[in-house]
Amino acid sequence: MMTQGLNAFVIGMLLFLVASGLTLIFGVLKVVNFTHGSLYMMGAYLAYYIYGITDSYVLAVIIASAGIAVFGVFLERIFFRRLYQSNFLMQLLMCYGWILVLDDLVQLMFGAEFQSMGMPSFFATAPLMIAGAPIPLFYIFLIGISFLVALAVWMLIVKTSFGSKVRAAATNTSMTGALGINTSLLYAGVFALGAGLAGLAGALAAPVRSLVPGMGFSILIESFIVTVIGGMGSIGGALVAAILIGVCRSFGSVGFPMFTEIGVFALMAVVLVLRPDGLFGKGAQR
Amino acid sequence: MNNRLLSSTSLWVIVAFIIVAGLPSVIASQMVLDLIIHIAIFGLFAISVNLLIGYTGLISFGHAMFYASGAYAFGLLMQTGMWSIPAAMAMAVLSSALLALIVGLICTKTKEIYFTFLTLAIQMMFYSTILSWQTLTGGDQGLTGGFKKPIFLGIDLANTHHVYYFIAGVVIVSLGLLWHITKSPFGYALRMVRDNAARVEFLGMNVRGYRVAAFVIAAAFASVAGVLMSLYVSAAYPNFGYWTMSGEAIFMIMLGGVNTFLGPLVGATMLTLLNHYVTAHTKYYGLVLGTIILLYVLLLRKGLLDIVVERFIAFRLGRTKPAQLVKFDNPVESRLP
């Protein structure tokens, strides 16, 4: 029971890191970033690569997040920027192109086989016993750091001037621009932050998940489900929904192993039919 | 007027029949016939998706689900050995349409991006069901093992020539039906739902009803494409229902032209030929296709047939500037929630 509950938290927190980046980008830029899962995958592979060279997990996590953030700025400046005025189908198509390219590039560099990073030596200790259940130390680290990041993102959005500009741009971009705020810099910043969060999640997941080209797509679908259940653009909603999905997956895999996936999708279908804007979505926006 | 439309549709169908029937006598290569069959099936699939995307303005990213449901239903029925081919085809299409009715009723509760996600998510649910229900579907191996193809109406589908004529014939008749639907008052109502749903509502018409109807019709024709593919390869594979199948259909539509009826067929031809030549040379098909998609999005953004038709109209009108067809590149505000 304890193990399942903790598992739910680990799945949920990693999902939240990915989904918060996705929902942040959607909230401000109004683009649905389908490449987000690929950014997660690249974060995982970059961390794997850096860890292989330097043998330092801390360095691997930092470089992976920063590297993916920089790549996010490249994507936004060269590609997404041209499509803000275009329709959603064109954005969808461009992201589809990027997913194909990135999956094959990763396959070209690391091979099509499953890769495993292995547990960093610091965490390779015997699992702690909490309430009679063995809990790996790394899980506690994961949950802790995810909470810290969630808190930091929330503080950034709610308390800082960058955050208030972001919120202003999310509400009315042209008015924000008219007030003399550099919206294109803001957009690049938001995209960097979102991409960095995806990269961070990838780097954090690398020791506990096996790496394979195409791993980004399943997390993409799940983080979509999270943002859709939570309400697109709502960070708080993403947190609630991510934990909900974590619970659904973790307990579902014990109760109904064959229908775990279906449980998650069914959850989304029910929420969408009952509340088309998600649990915390703003219906007034449309 | 309706009679004239009907006769012009049948005229086009007859012309298409003559062209397709004549092709094997001009080109004898089996490989070319294979390619034509693939193009015909993917073209039908892409055109059925375009009934949703181009005509109704519903961007479905989960349409491959019905392609797969048609293929699996047909394959499963044929494997029992108790069904004749036409009966199994009809049953497969009917059951896919019924599935589409349920999915459509759920999905049309939502709009725009939410609609796209929901179709995508339900498709992935369907895909993972295919993978996990191994006793029925064979899991990731697919529905292999083949099936007997009993002769009906003098058509023997064990004969490669009969297969070619049968598949091409079914595709042409289906395209004729779809063409007729898009030119009928119902088809114009769909365009009106796309362009201004609020006005349709004010006119006292049921927007959601039209959306669901378009969803079911598009799904039924997608399942016909799936049935034909299943018939052709004597199997069904889970990747028929994978999201990349829907993605490729969308790219076919964009590549060939979203504003013209046959645009997706042109796109299907381009993509099938590309697929054929690229996979012969490299296993990194995604890298090549992805790069082409990126170039298309950055430089072109218009389908080939759309460009040709625009130029043609401009030429007819004697203008120097190309005429604008339906504006599909709308500002983002009008499309997003």
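In debye to the nearest 20, how big a dipole does the protein assembly as shown give about its Cα centre with +1 on each Lys and Arg Cβ and -1 on each Asp and Glu Cβ?
Details: 32 positive and 19 negative charges, 358 e Å.
Charge dipole of the protein assembly as shown: 1720 debye, to the nearest 20.
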*asked:* Please compute the volume of the convex hull spanned by the alpha-carbon atoms of segment A:120-239 and report it per residue in Å³.
replied: 148 Å³
*Can you figure out the FRET efficiency of B:ASN159 with A:GLN85, using R₀ = 41 Å and their beta-carbon distance, to the nearest 0.05?*
0.15
*Which value, in nm² and rounded to one decimal, describes the direction-averaged projected area of the C-alpha convex hull of chain A?*
15.7 nm²
_Tilt relative to chain A, helix A:161-171 - C-alpha long axis, 0 to 90 degrees, to 10_ = 70 degrees
*Calculate the length of the line joining the C-alpha centroid of segment B:158-204 to that of segment B:9-49, in whole Å.*
17 Å
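For the residues A:GLU222, A:GLU113, what sequence is obtained by ranking on other C-beta atoms within 10 Å, fewest first?
Numbers: A:GLU222 26, A:GLU113 11.
Least crowded to most crowded, the residues run A:GLU113, A:GLU222.
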*Cross-link reach list, aspartates and glutamates versus A:LYS30, counting only Cα pairs under 13 Å and skipping chain neighbours closer than eight places*: A:GLU76, B:GLU112, B:GLU333
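Going down the list B:LYS109/B:LYS283; B:LYS109/B:LYS148; A:LYS165/B:LYS111; B:LYS183/B:LYS302, which pairs span over 31 Å between their C-alpha atoms? Show your work: numbers first, answer last.
Values: B:LYS109/B:LYS283 41 Å; B:LYS109/B:LYS148 42 Å; A:LYS165/B:LYS111 29 Å; B:LYS183/B:LYS302 23 Å.
As for pairs spanning more than 31 Å Cα to Cα, those are B:LYS109/B:LYS283; B:LYS109/B:LYS148.
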*Tilt of helix A:36-54 relative to the longest C-alpha principal axis of chain A, in degrees (0 to 90, nearest 10)?*
50 degrees
*Helix A:260-274: angle to the longest alpha-carbon principal axis of chain A, degrees 0 to 90, nearest 10?*
30 degrees
*Work out the P(r) tail for segment A:172-238: percent of alpha carbon pairs separated by more than 14 Å, whole number.*
72 percent
*asked:* Over the Cα atoms of chain B, what radius of gyration and what Dmax do you get, in Å?
replied: 20.0, 64
*Positive-end residue of B:TYR232, B:LEU190, B:ILE102, charge dipole of segment B:96-241 with Cβ unit charges*: B:LEU190
_Translational diffusion coefficient of segment B:41-183 at 4 °C, 1.567 mPa s, Stokes-Einstein with Kirkwood Rh over Cα pairs, in µm²/s as a whole number._
77 µm²/s
*Give the cross-link partners of B:LYS149 among the aspartates and glutamates, using a straight C-alpha distance below 14 Å as the criterion and excluding same-chain residues fewer than 8 apart.*
none
*When the Debye formula is applied to the Cα atoms of segment A:206-250, each taken as the same point scatterer, what base-10 log of I(q)/I(0) results at q = 0.14, 0.17, 0.29, 0.32 Å⁻¹?*
-0.37, -0.53, -0.98, -1.04
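Calculated from DSSP H runs of 4 or more alone, at -39500 (n - 2.57) each and per residue, what is the 222 nm mean residue ellipticity of the protein assembly as shown, nearest 500?
So the calculated ellipticity at 222 nm is -24000 deg cm²/dmol.
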*Percent breakdown of C-alpha pair distances by 20 Å bin, ordered from the shortest bin, for the protein assembly as shown*: 18, 52, 26, 4, 0
_Averaging the inverse of every distinct alpha carbon separation and then flipping it gives the Kirkwood radius. What is it for segment A:4-72, in angstrom units?_
13.2 Å
*Within the P(r) computed for segment B:37-119, what percentage of the Cα pairs occupies the region above 14 Å?*
68 percent
*asked:* If exposed means no more than 16 neighbouring beta carbons inside 10 Å and the site is in a DSSP loop, what's the longest run of chain A without any exposed chymotrypsin sites (Phe, Trp or Tyr not before Pro)?
replied: A:115-286
_At 1.306 mPa s and 10 °C, Stokes diffusion of segment A:1-154 via Kirkwood alpha-carbon radius, µm² per second_ = 90 µm²/s
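How much length is gained on full extension from B:ASP140 to B:ASN196, taking 0.36 nm per residue of separation minus their Cα-Cα distance? Show your work: numbers first, answer last.
Details: separation 56, 0.36 × 56 = 20.16 nm, distance 4.31 nm.
Residue separation times 0.36 nm, minus the Cα-Cα distance, leaves 15.9 nm.
Read the figures in this text as sums done on the coordinates, not as results from a lab. Keep in mind it's a predicted model, so treat the numbers as computed, not measured. Heads up, the Cβs are rebuilt from the backbone with ideal geometry, glycines too, and the neighbour counts pull from every protein chain shown.
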